[in-house]
Ligand code: 45D
């Protein structure tokens, strides 16, 4: 179930990838404790998060789409050098900022594609450890590794 979820996720449209991540966060929110994500880790992503926080809503959306689409931008490259856990912490913090109103929200009526709903349903049925495995794999590949050719 894990490797097929990852494959189906990666085949989703960029918007559906962002929406599934967001819905996954809203489902898992209670299980992820801020302590677990590590303050030290977040510090490494803080500059990036501050930059995004100061952007307009449409720029924020563009940055997230660029990350998911692995478009080569300065922000995608800064993201690319983070460790996998820091990448997870980055997305976690973006969600927290969304909840607090600093980041563009997912439109209330957003309709996930059939594949998107299916990945989300599968993800919900996995245990926490397996959910982390899927999420790690998904966020690891976002952005651009500036050291890769
Ligand atoms: O207009 O360090 C759409 C542990 C449509 C411990 C949109 C951990 C069009 C160790 C694109 C939908 C393993 C627990 C708009 C860490 C449109 C450790 C908007 C784990 C506006 C870190 C879309 C941490 C938007 C974990 C705005 C599990 C989408 C972290 C935004 C998990 C989506 C974090 C966002 C997750 C999703 C974060 C911000 C799942 C973030 C998800």
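The values are calculated or read from the model by the stated rules, or taken from the named source; none is laboratory data. What you see is a predicted model; the values in this text were computed from it and never measured. Neighbour counts run over all protein chains shown; Cβ positions are idealised from the backbone, glycine included.
Tabulated data for the structure shown
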read-out	value
Within region 112-131, considering residues that are within 12 Å of the ligand (Cβ to nearest atom) and surrounded by 19 or more Cβ atoms within 10 Å (Cβ to Cβ), the one nearest to residue 67 (Cα to Cα)	116
The listed residue being outside any helix (DSSP H, G or I), more than 15 Å from the chain's Cα centre (by Cα) and away from the ligand (no atom under 11 Å from the Cβ), out of 72, 50	72
Subset of region 1-30 [farther than 17 Å from residue 67 by Cα and within 8 Å of the ligand (Cβ to nearest atom)]	24, 25, 28
Conditions (1) more than 10 Å from the ligand (Cβ to nearest atom); (2) more than 14 Å from the chain's Cα centre (by Cα); (3) free of Cβ contacts under 8 Å to residues at least 60 places away in the same chain; number of the one not met by residue 81	(3)
Pick from region 42-51, criterion more than 22 Å from residue 148 (Cβ to Cβ) and in contact with a helix residue (DSSP H, G or I) (Cβ under 6 Å, 6 or more places away or on another chain), ranking: surrounded by the most Cβ atoms within 10 Å (Cβ to Cβ)	49
Qualifying positions in region 1-19 - surrounded by 14 or more Cβ atoms within 10 Å (Cβ to Cβ) and in a helix (DSSP H, G or I)	2, 5, 6, 8, 9, 14, 15, 16, 17, 18, 19
Those residues of region 84-98 which are under 18 Å from residue 15 (Cβ atoms) and either free of Cβ contacts under 8 Å to residues at least 60 places away in the same chain or over 13 Å from the mean Cα position of the chain (by Cα) (or both), in sequence order	94
Which numbered condition residue 114 fails, given (1) under 29 Å from residue 1 (Cα atoms); (2) at pLDDT 95 or above; (3) in contact with a helix residue (DSSP H, G or I) (Cβ under 9 Å, 6 or more places away or on another chain)	(3)
Scope region 88-100; condition closer than 13 Å to residue 139 by Cα and more than 8 Å from the ligand (Cβ to nearest atom); matching residues	90
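Per-residue answers, yes or no, for (1) in a helix (DSSP H, G or I); (2) surrounded by 13 or more Cβ atoms within 10 Å (Cβ to Cβ); (3) modelled with pLDDT under 95; (4) within 11 Å of the ligand (Cβ to nearest atom):
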| residue | (1), (2), (3), (4) |
| --- | --- |
| 55 | no, yes, no, no |
| 64 | yes, yes, no, yes |
| 77 | yes, yes, no, no |
| 85 | yes, yes, yes, yes |
| 106 | no, yes, no, yes |
| 110 | no, yes, no, yes |
| 133 | yes, yes, yes, yes |
